[in-house]
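The values are calculated or read from the model by the stated rules, or taken from the named source; none is laboratory data. Being a predicted model, the structure only gives us computed values, none of them experimental. FYI the Cβ positions are ideal-geometry reconstructions off the backbone, even for glycines, and counts take in every protein chain you see.
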Amino acid sequence: MGQEDIASLEEKRKNAEKITRAEKKEKRKKERISFFSEFKKFIKRGNVVDMAVGVAVASAFTAIVTAFTNGFISPLLAMLSNDASLSDLKIVLREAAFDADGVEVQGEVAILWGAFLQAIINFLIIAFTLFLVMRIANKISKKASKLAVEIKSLTEDENEKAKLKAEAEKAAAKAKAEAEKAAEEARLAEEKRLADEKKLRDATFEQNELLREIKELLKSQQK
């Protein structure tokens, strides 16, 4: 193999590598475009907007429930238990230890059942509120479905009545047209009959006149 063949093969190899790199680059570009297109479609979907609204409403509602618990329920329970807050209710398993300078050398170990109870109350309030909302939504949905069925039924009845009315009007128009056609045919037949009778009378009159003339002619010849 000569130097020219080696150079030609090397050039072909470099061209192939360039084509491969270009194809890979184009493929990556198409994948990026496809990814952003799919992301754009996903963002434009209605359920994404609904989900964002739901998250925002849930966050605001959680803040309302927390404020209600801290502002109303916690003070009542704290008053009964002589504590400042519901979250302060706890069972101390080991007291905190302090040195002579008042520095804490050993932390307190306690069961924070007040915070747990507050979380349960928040959960029950949210769950009960969502239950009421879903119940109302289901009732509204059922009423809407029932109303839609009734409207559809009424629409079908109206369409059926309109169809029957159109068929009746069509049949009446057809019967009227046939009656008018029959009347026209009867009129034409009567006119033809009268015309034929007139022709017959005219022909008979002409024949009688011709016979009378012949008779007069014969009489005149006999004289």
Meets criteria (part of a helix (DSSP H, G or I), modelled with pLDDT under 85 and surrounded by 10 or more Cβ atoms within 10 Å (Cβ to Cβ)) for Ala148:
no
Region 96-115 residues that are among the aromatic types (Phe, Trp, Tyr), paired with ones that are assigned to a loop (DSSP other than H, G, I, E, B) (beta carbon under 7 Å, 6 or more apart):
Trp113/Leu89; Trp113/Lys90
What do you reckon, is Lys176 under 20 Å from the mean Cα position of the chain (by Cα) and more than 30 Å from Ala63 (Cα to Cα)?
no
